[in-house]
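The values are calculated or read from the model by the stated rules, or taken from the named source; none is laboratory data. The structure displayed is predicted, hence computed values, not measured ones. Counting neighbours? That spans all protein chains shown, and the Cβs are built from the backbone with ideal geometry, glycine included.
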Amino acid sequence: MRRTVEIGIPVLGMLLGLAGCQKGAVTPVLHPKANGAALVESSGGKQAGFVGSPLDQPLVVQVNDAQGNGVAGALVSFTAAGDAAVKPATGLTADDGTLTVNCQLGSVSGRYRIVATTWDKQGKPITLNLDEIALGYQQNLGRQLNEKYCARCHNQESTVERVSNYDNLATKPHSFTDGNFYNTVNDADIAAIITYGGAARHQSAEMPSYGGTLSKSDVDALVSYVRAISDPPYHEKGLTYARQ
Amino acid sequence: MRSKLTSAWRTLFGDSARAFGSLSVILLLCLAVVPAKDHFREWTGYQAGYLRYIANRGDAATLKRRFEGGIQQTWLPAIGVVDRCTTCHVALKATSLEGNGPQPYRPHPVIPHKLDQFGCVLCHRGQGVATTVQEAHNSTLAWEQPILPARYIESGCGQCHQNKLTGTPQLNQGRQLLGEYGCVHCHTLNLADGNKIAPSDHPPLLTHIAEKTTREWIYAWLKNPQAYAVSATMPNFGFSDDDARDISAFLIAQSTKLNVAPPAVTQPSADSSGEGSSLYGESFCASCHAMQNAAGMLVGGNVGPELTRVGSKVKPEWLVSWLSNPGNWSPNTVMPHYRFDAKQLGLLARYLGSQTDSDFLAHVSLSPATQEQIDHGKKLVNERGCASCHVINGIKKPDNFAPDLTEVGSRSLAKIVFVPGVEHDLPSYLAAKIRNPHQFGSAMKMPQFTLTTTQINALVNALLAQTDRAEGLPANLRVPGPAPSDYEPAGPAGQLIADLRCFSCHSINGRGGDMAPDLSIEGSAVQRPWLVAFLKAPNTLRPALIRRMPRFNLSDKEAQTLADYILTVYQTPAFDAASLPASSFTQTERDHGKQLFYSKYACQSCHIVDPNTDKGYVGPTLTQAGLRLNAAWIVNYLKDPQKLRPGTIEPNQHIPDEDARDLAAFLMAQTKTPKEKGK
């Protein structure tokens, strides 16, 4: 009997210890109350933010049925590339079929693909990709400079605080997200247009020269910002090395 | 068995020669342990891995030549940096490598500083001296400083830079929020350059609050300030019904009467309902005050309180008295003294009084206050530190009501009480405390603020910049912000500038706001007749601006006094404003200037000279530039806009002297109103 107690106490202690090591909180498993036929983006895609930071606007996705009406109570699950994170990572859609989540970007600059998944009645997954852009220091500086100097003309959208000058220009400036244009121009030429004005590279003279106002590192920052937000994405054509 | 051992012993240690030989071998093996241990250190693996990683690249030879093996160290005694991070992060300067390659072989992203000038831990934190991954990055072994998450990296900049940097929007926003949300009323926060962050939320005086509003409104406001105004910066103190009842009783009881003669008011006629709204618009109240529009969006500035439900708050007699001269009620208010006449007062008061919300006070009914309630209310007001922000009769402003935050960014973890669910590091603690102070105990005095995740992120950045290292940095590394100025203009014009609260929006000689242009050298720019007319009736120079100079209804004499002072005192020493009379220009110069304006410099993209053809509205309208500006100003401004107006977005195009002169000649000829030009 004594022997059983002698062994029993350490064993009990070990069991208690093991139980204590387990994580106390158990994440509740969500069960879908309904299934949709399509998953669409309401808002929140293609945002840019500082690396590692939460995005300003939430991601809103909507689950629809075959008729295009919102489905309430459908399960949507999010996975994020790299160390980006979506909170909450899973959720059920609200009465109007939408689900709103917040996204925090990863800690390296670049594009992060957020994949939202819902399941139809047959259990087949339906996915939706949302690409978010993380800006490093240089690109973020470019973004601030763009807001101050460039967006007045290059951004067609007017806000309450800033009325766009786009419509007033004889030659319409390119939106900085216009990859079809900017991806065909090399870094040196974009920098030259900013520094010496549009006329210096056979573009519109309405683009003034900013070389006297912005420093070289400011201009580089603007170029890197334009590259970062370009749509379709910009792929640097660098040297390619032969493998040995 | 035994015999075997004995024979082995004899073989090894049988005689002195054998013993010497064996002991030498054992000693050698023992000595080999240390170099062997060193050989298998973590960092040697990373360095070998790097050489394998670059081996197949075309630029392998260059990269290999730049690679230095062994423990690498950046030692900067002046700023207390001893960093061995580059032992594993060997490729920080190898810009030809991919930015998104595997760690630790990524090059450092582009920043404005040299890596060996500042080291790593100054911005990234972590243990610089450690040479293992765990110890360098995490807070194992009770290290104080784990690596800072990327979203707080701007705090590193804030240790040296107390000025506003373009590249650190989060840090700037955080520092601004500390003032806007009044954090610095209770917490002291000294920046390393010796400046203090000053509150910019302008909490009202409560000494005459019974004249202004009712006890019911105070009660409802205390229960939930954001229910009255979504943009309210006053935090929610989580008062119980009884507490709110007692505090409202005390605030009404301490309120004293203020003897202000009631202004003359003409009650507007019933059919003039739209005029009040128009006057609100024409007076540019929205430059400072916001109102919710029909769609629920806030429209307007955040300098003054939101006015969406102001009619449910203020008493009509107080409102007209306030509108007629706010300074009577609050000597330090930022609201200007408009010269409204009796009719305007009636219109504006009725319009604002009609901005009500019947739901807000629907469920509030308070029985008359008892002395016991008043006493309890006073006790609560003392306990919760209301007087840190508000002036209240009979309550002294508490000193150091909340902890000093000057060195909060290097607060020792041992001094912090953590709660479950909050990670054991300083940034997580700060964010959790700001998000929900009451999770750290219900006795916590800090109230609940209404902040977005982005705002909290910005605040944590600003707080993490407040380190003891920042305090001790050598002076040559410090980039101080502008020193606060107590500039006070003198004489009758000085009184007018104070009465009109020009400093609320304009900056002069380092003092004042940044909503409107700096006026320090405005006297060199403009002509007197234009300035007098503008002060009397500010017109729209920039069609796209929402925040505009209000019309104060100044008298002729007031406008002239102000104009004369501005023209005499606020002059630049750089040039003589009167040196280039408009009559000195020739027609040839004007014609050439016109050509330059429309083709070479394409000024019409941003400015309007001829409203029939030009459309640009980024910069000010120049239709009457010849009546407004001095030619000498135009010439000097065109040659270097940022020199005369720091921060302007007008690009410096290195315009040569003769072009600048011709452009000035063309602009000085623009003297007709848009209407006249239209003909």
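Figures for the structure shown
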quantity	calculated
Selection count where residues are surrounded by 21 or more Cβ atoms within 10 Å (Cβ to Cβ) and more than 14 Å from every other protein chain (Cβ to nearest Cβ), scope the range B:134-157	1
Selected residue (criterion: farthest from A:K124 (Cα to Cα)) from residues of the range A:69-84 that are within 14 Å of chain B (Cβ to nearest Cβ) and surrounded by fewer than 17 Cβ atoms within 10 Å (Cβ to Cβ)	A:D83
Filter result for the condition that a residue is at the interface with another protein chain (Cβ under 8 Å from one of its Cβ atoms), farther than 19 Å from B:Q653 by Cβ and within 30 Å of the chain's Cα centre (by Cα), over A:D187, A:D220	A:D220
Residue match in the range A:29-47 (condition: within 14 Å of chain B (Cβ to nearest Cβ), within 30 Å of B:V110 (Cβ to Cβ) and surrounded by fewer than 16 Cβ atoms within 10 Å (Cβ to Cβ))	no
Residues of the range B:242-289 satisfying the condition of being within 30 Å of B:L366 (Cα to Cα) and among the small types (G, A, S)	B:A244, B:S248, B:A249, B:A253, B:S255
Unmet requirement for A:S164, which otherwise passes all of (1) within 24 Å of the chain's Cα centre (by Cα); (2) over 30 Å from A:N35 (Cβ atoms)	(1)
Number of positions in the range B:308-346 that are out of contact with any Ser or Thr (no Cβ under 7 Å at 6 or more places or on another chain), under 18 Å from B:S283 (Cα atoms) and not in a loop (DSSP other than H, G, I, E, B)	8
Restricting the range B:364-421 to residues that are assigned to a helix (DSSP H, G or I), in contact (Cβ under 8 Å) with a residue 60 or more places away in the chain and of a type in the set (G, A, S), the residue that is surrounded by the fewest Cβ atoms within 10 Å (Cβ to Cβ)	B:S388
Number of positions in the range B:222-232 that are more than 19 Å from B:M444 (Cα to Cα), touching a residue at least 12 places away in the same chain (Cβ under 8 Å) and not small (G, A, S)	3
Those residues of the range B:198-228 which are more than 25 Å from B:Q292 (Cβ to Cβ) and in contact with a Ser or Thr (Cβ under 9 Å, 6 or more places away or on another chain), in sequence order	B:L205, B:L206, B:T207, B:H208, B:A210, B:E211, B:R215
Qualifying residue in the range B:72-80 (condition: assigned to a strand (DSSP E or B), surrounded by 12 or more Cβ atoms within 10 Å (Cβ to Cβ), in the same structural domain as B:Q134 (by TED's automatic domain parsing) and in contact (Cβ under 8 Å) with a residue 40 or more places away in the chain)	yes
Hits in the range B:435-488 (condition: more than 14 Å from every other protein chain (Cβ to nearest Cβ) and β-branched (V, I, T))	B:T450, B:T467, B:V479
Of all residues in the range A:149-158 being facing chain B (nearest Cβ under 10 Å) and under 25 Å from B:A290 (Cα atoms), the one that is surrounded by the fewest Cβ atoms within 10 Å (Cβ to Cβ)	A:S158
Hits in the range B:621-643 - residues which are within 23 Å of A:C150 (Cβ to Cβ), surrounded by fewer than 19 Cβ atoms within 10 Å (Cβ to Cβ) and either in the same structural domain as B:V532 (by TED's automatic domain parsing) or touching a residue at least 40 places away in the same chain (Cβ under 8 Å) (or both)	B:K643
Residue match in the range A:113-120 (condition: under 18 Å from A:D83 (Cβ atoms) and within 14 Å of another protein chain (Cβ to nearest Cβ))	yes
Residue match in the range B:122-133 (condition: part of a helix (DSSP H, G or I) and within 14 Å of chain A (Cβ to nearest Cβ))	yes
Qualifying residue in the range B:104-112 (condition: in contact (Cβ under 8 Å) with a residue 24 or more places away in the chain and over 20 Å from B:V81 (Cα atoms))	yes
B:P573 touching a residue at least 40 places away in the same chain (Cβ under 8 Å), surrounded by fewer than 20 Cβ atoms within 10 Å (Cβ to Cβ) and assigned to a loop (DSSP other than H, G, I, E, B)	no
Looking only at the range B:29-64, and only at residues there that are away from chain A (no Cβ under 14 Å) and among the β-branched types (V, I, T), the one that is nearest to B:Y105 (Cα to Cα)	B:T44
Checking B:S584 against (1) surrounded by fewer than 19 Cβ atoms within 10 Å (Cβ to Cβ); (2) under 38 Å from the mean Cα position of the chain (by Cα), the condition it does not meet	(2)
Given (1) under 30 Å from B:D404 (Cα atoms); (2) outside any helix (DSSP H, G or I); (3) in contact (Cβ under 8 Å) with a residue 40 or more places away in the chain, index of the condition B:L519 fails	(1)
Positions within the range B:159-176 being more than 19 Å from A:L55 (Cβ to Cβ) and either of a type in the set (S, T, Y) or away from chain A (no Cβ under 14 Å) (or both), in sequence order	B:Q159, B:C160, B:Q162, B:N163, B:T166, B:R175, B:Q176
Qualifying residues in the range B:484-504 (those that are part of a helix (DSSP H, G or I) and small (G, A, S)) - the one surrounded by the fewest Cβ atoms within 10 Å (Cβ to Cβ)	B:G491
Criterion (within 17 Å of A:R143 (Cα to Cα) and of a type outside the set (A, V, I, L, M, F, W, C)) met by exactly one of A:S204, A:S215	A:S215
Qualifying residue in the range B:590-610 (condition: in a loop (DSSP other than H, G, I, E, B) and of a type in the set (G, A, S))	yes
Check on A:G212, within 8 Å of another protein chain (Cβ to nearest Cβ) and on the phi > 0 side of the Ramachandran plot	no
Total residues in the range B:429-451, condition part of a loop (DSSP other than H, G, I, E, B), in contact with a Pro (Cβ under 9 Å, 6 or more places away or on another chain) and free of Cβ contacts under 8 Å to residues at least 24 places away in the same chain	1
Output for the range B:592-609, where each listed residue is more than 10 Å from chain A (Cβ to nearest Cβ) and touching a helix residue (DSSP H, G or I) at 6+ places or on another chain (Cβ under 8 Å)	B:H592, B:G593, B:K594, B:L596, B:F597, B:V609
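To keep it simple, each residue is scored yes or no on (1) under 28 Å from A:K172 (Cβ atoms); (2) within 14 Å of chain A (Cβ to nearest Cβ).
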position	(1), (2)
B:D614	yes, yes
B:T621	yes, yes
B:K639	no, yes
B:D659	yes, yes
B:A669	no, no
B:T673	no, no
